[in-house]
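The values are calculated or read from the model by the stated rules, or taken from the named source; none is laboratory data. Remember, it's a predicted structure, so these values are computed and weren't measured experimentally. Every residue, glycine as well, gets a Cβ built from its backbone with ideal geometry; the counts of neighbours run over all protein chains shown. We work out accessible area using only protein heavy atoms, side chains counted, and drop any ligands, DNA or RNA first. Shrake-Rupley method; radii C 1.70, N 1.55, O 1.52, S 1.80 Å.
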Amino acid sequence: MKNSIDMKLKEKDYRLTEQREAVLQVMLKNKGKHLSAEEVLEKARKKVPNIGIATVYRTLEKLTELEVLYKSVFDGGKYRYEIYDISSNHHHHHIICLNCGKIFEVQEDLLNDLEQQIEMQGFKIVDHELKFYGYCPQCK
């Protein structure tokens, strides 16, 4: 995965400074997790103590633009980021526990049929996202 990310960054002439590399490494080490910018900052500071929140935000946004990261909105408008699975054209969905706040992934793409029906009506769907809210097995 790291090689394909490196190639993508090189194609776009995006140079990885020490601080940008720290952000990317945090995301790679937390694959499958949905991190806020603040969480990324906290983890990145262990490698680069002088990294600032503005640098983290800019890096996360640029990596999202380059399709290295995927950005979703959770917790009342707060963005969370995760590594974009380049090897999969498959969307996944989320279950958010209303008690503990943990985010779980549903790997099955539940909206394929609906997406096809919408496209038959002349639309071109480029992305979709589905979130379920409830209680995880530990909290119910």
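Residue selection: ASP113 fails the criterion of being at pLDDT below 85, open to solvent by less than 90 Å² (accessible area, probe 1.4 Å) and charged (D, E, K, R). Residues in the range 128-138 that are out of contact with any Leu (no Cβ under 8 Å at 6 or more places or on another chain) and more than 17 Å from GLU108 (Cβ to Cβ) were compared, and the one that is surrounded by the most Cβ atoms within 10 Å (Cβ to Cβ) is CYS136.
Scanning the range 73-85 for residues that are of a type outside the set (Lys, Arg) and under 13 Å from GLY32 (Cβ atoms) turns up TYR81, GLU82, ILE83, TYR84, ASP85.
Listed here are the residues, each with its yes/no results for (1) more than 26 Å from GLU115 (Cβ to Cβ); (2) at pLDDT 95 or above; (3) among the small types (Gly, Ala, Ser).
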site: LYS2; (1), (2), (3): yes, no, no
site: TYR14; (1), (2), (3): yes, no, no
site: PRO49; (1), (2), (3): yes, yes, no
site: ILE53; (1), (2), (3): yes, yes, no
site: THR64; (1), (2), (3): no, no, no
site: LYS71; (1), (2), (3): no, no, no
site: TYR79; (1), (2), (3): no, no, no
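The residue that is farthest from GLU67 (Cα to Cα), counting only those in the range 118-127 that are of a type outside the set (A, V, I, L, M) and surrounded by fewer than 11 Cβ atoms within 10 Å (Cβ to Cβ), is GLN121. Applying a threshold of 7 Å to beta carbon distances and a minimum spacing of six or more residues, or different chains, the list of pairs starting in the range 7-25 at a residue that is in contact (Cβ under 8 Å) with a residue 24 or more places away in the chain and ending at one that is of a type in the set (Gly, Ala, Ser) reads ALA22/ALA44; VAL23/ALA44.
Restricting attention to the range 3-38, the residues being in contact with an Asp or Glu (Cβ under 9 Å, 6 or more places away or on another chain) and within 19 Å of TYR79 (Cβ to Cβ) number 9. The C-beta contact set for the range 117-133 (first residue over 30 Å from GLY101 (Cα atoms), second residue at pLDDT below 90, distance under 7 angstrom, 6+ apart or interchain) comprises ILE118/ILE125; GLU119/ILE125.
For the subset of the range 99-110 comprising residues that are outside any loop (DSSP other than H, G, I, E, B) and modelled with pLDDT of 80 or more, which member is least open to solvent (accessible area, probe 1.4 Å)? Applying the filter and picking the extreme gives ILE103.
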